[in-house]
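Here the structure comes first, spelled out in structure tokens, and everything after it is commentary.
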Amino acid sequence: MQSDTLDFTIKLLSKCISVKVRRLKKSLLDDIALEGYSDFSSMINYYLAKCLNTYLNQCENSIITNIITPFNTQYYALCISKEEDEHIMIGPFLENPVRGNIVYEIISKLQLSLDYAAKLKLYYQSIPSIDSAEVFEILYTINEHFTKNSELPIVNTLDLSILSKQDSSYDIFVQDINRTSMYKVLEDRYLSEDKLLSYITNGDINRAQNYFEKYPVKIIEFSNSSHSIRGIKNLLLSGNTLFRKASHIGGVPPIYLDELSRKWAKKIEHAASFEALDSFPYEMIRSYCLLTKKYSLPQLSYTVKEAVTFINLNLSSNLTVKKVSSKIGLSSDYLTRLFKKEMGMNIITYINKKRIETSLELLKVTDLSIAEIGDLIGLNNTSYFYTLFKKETGTSPKQYRNSILS
């Protein structure tokens, strides 16, 4: 069953992102000759196989590994089960454009023929670019599904690049084995602190700010140490994921969480210095608290909040009162009365309102067709979608989108 789920996950991801997603098994490397290579393609496979063999010899369950190859291409691998030799791998991808002189440095250090220069340049043009934050989020979600564990997985870096670090266009993260100073400070102060996460869950901005002022994180103080900016970014991205989950527990709808977490992922990745990153921890905490305060539903009972969360997360499915009440473990009549009392509307009215709210966002920020948006929000009957949309907004989806464009 797990194997079938993994196959489906890989097939689905392959259609959703530009980076190659595949299953990794040690047995699959047997076809790649490790004693040498005869052409450009076999050379790339030769060095990739060496990297993957190193990864497979040291990986552990539920650990995500960022693999940096001698060509400075990157892969992320998640060890689902070391015992059953089950891994999922995403890559190759680039985070930054490749400069021309990097090609010649690689040729020199690997003692390759100059004939490979043109082929390497073409190879880099074929490699997609993607923020590592997106890849991490994907693997984090997959790990959570298979392990039923919502804790943030460990991220290791296997750096097998050969470029001089001062000359590289990549800011490579070399793992600090001792986990001291900056990494320890970040982990202790906000990645592992239940108190801070509980403040975000409750949207308690004052307590969160007071807590952060008591245990401040000063990234700038470590700019002259051995810690790399890549390492700090990785930890900030992990913090972004934890803060997002804390807000989700607080009842914030996924569409708002996606918008904020993507914003922070991009800001973190595009930051060029320690100075630029220095204010991010404080700003991230503040922004997630404000989001939770604005969109969560603290006045609701646990039962109704659970029903609302289930509806928000399953808008694309065929939602009925019976389905929602069954998920909550209550009778339909009791949940209907409780929901109406606390929300001021019945369950179906709320479902339809959330679907239209979500469609408004999708009409603003995507190029999806109206029929596709209807499918995403669980209204695959386009005629009914139009009727419901006009009832809620006074206009049609097409007219609304045209007004946005104009």
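Bear in mind that the values in this text are calculations on the coordinates, not laboratory data. Bear in mind that the values here come from a model prediction, so they are computed numbers and not experimental data. Neighbour counts are summed over all protein chains in view; Cβ atoms, including those assigned to glycine, are modelled from backbone coordinates with ideal geometry.
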Q.
Residues of the range 109-129 with the amide nitrogen closer than 13 Å to a label point 7 Å from the Cα of Y46, along Cα-to-Cβ, please.
A. 110-113, 116
Q.
Along the Cα→Cβ direction, 7 angstrom out, place labels at K148 and E83. What is the inter-label distance in nm?
A. 1.5 nm
Q: Starting from the Cα of S14, step 7 Å along the direction of its Cβ; do the same at Y282; then give the gap between the two resulting points in nm.
A: 4.8 nm
Q) Regarding the range 34-125, what whole-number volume in Å³ per residue does the convex hull of its Cα atoms give? A) 103 Å³
**Q.** Burial order of peptide ranges 131-144, 201-214 (average beta-carbon count within 10 Å, highest first)
**A.** 131-144, 201-214
Q.
Under the rule of at least 5 residues apart or a separate chain, name every residue whose amide H is placed under 5 Å from the amide H of I67.
A. Y75, Y76, A77, L158
**Q.** Rough spin-label spacing in nm, given labels placed 7 Å along Cα→Cβ, for L122 and N57
**A.** 3.4 nm
Q. With a sphere of radius 11 Å drawn around the Cβ of D204, what net charge do the other residues whose Cβ falls strictly inside it have (Lys, Arg +1; Asp, Glu -1)?
A. +3
